[in-house]
1. When only C-alpha pairs under 8 Å and at least 6 residues apart count, what is the relative contact order of the chain, in percent?
2. Remind me, relative contact order of the range 1-86 in percent, using alpha carbon pairs under 8 angstrom and six or more residues apart?
3. Taking a spot 7 Å from the Cα of S24 along the direction of its beta carbon, which residues of the range 92-133 have an amide N less than 13 Å from it?
4. What distance in nm separates the two pseudo spin-label positions at N127 and K70, each 7 Å out from Cα along the beta-carbon direction?
5. Could you identify which residue out of I15, I110, I64 has the top mean-square fluctuation in a GNM of the chain using Cα springs shorter than 10 Å?
6. Any chance you could run the full-extension gain for L52 through V89? It's 0.36 nm times the residue separation minus the Cα-Cα distance, nm to one decimal.
7. Give me the 1.4 Å probe accessible area per residue for the chain, excluding ligands and nucleic acids, in Å².
8. Hey, any idea what % of the chain's accessible area is carbon plus sulfur with a 1.4 Å probe?
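The values are calculated or read from the model by the stated rules, or taken from the named source; none is laboratory data. Remember, predicted model here, so these are calculated numbers, not experimental data. Here Cβ is always computed from backbone atoms with ideal geometry, including for glycine, and neighbour counts include all displayed protein chains. Quick note on the areas: whole protein, heavy atoms, side chains included, nothing else; ligands and nucleic acids left out. Shrake-Rupley method; radii C 1.70, N 1.55, O 1.52, S 1.80 Å.
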Amino acid sequence: MGQIFDALKEILGTILVFFHDLFSFLDLGGAAGMAIIGLTILINLLVFPLTLKQTRATRAFQEIQPKVRKLQAEFKDDPQELQKRLMEVQREAGATPGGCLLPMLVQMPIWFALFQLLRAPLDYIDNDSGFAEAIQSGATFLGMHLPVAPSGAMESGVMAALPYLIIIA
């Protein structure tokens, strides 16, 4: 499983370098920042169908909650009948437990891989690429030093961390 996860990080790294090359007309920091934004948007677009499915399934569960509570009160002494009725209500509403959980399980490795890629990009990209040069040279984007994590910026004081905090917010 670790090899698959590493391959995913390398694929994301390749796409990150592609986006950096796409924005190479900007300065080093601008191209790197736009590459990160581009990769994040691409991932959001790719996982959007899963996010939508998860959201719809969660909403369906929320909508049937009054019926569920009513059934739980009505069949509190008969767990088998309660389970049967709950399944019927869920089926009618299109609320399946897998609809909430499975999309999240598919998305999690992608987001974890992106997070790890952005924490240590030089581990997963070609060190001769323009993106690697931006990181190694300490380039900035919107007042943020790209090689510095938000926690590292906080160590330098609130003013140094302000651009990071604004982006996070």
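1. Rounded, it is 29 percent for the chain.
2. Taking the mean separation of contacting Cα pairs over the length of the range 1-86, I get 16 percent.
3. Flagged as within label range: 128-133.
4. 6.6 nm
5. Greatest mean-square fluctuation among the candidates belongs to I64.
6. Full extension of this stretch gives 11.2 nm more.
7. Value for the chain: 65 Å² per residue.
8. Ligands and nucleic acids excluded, carbon and sulfur give 63 percent.
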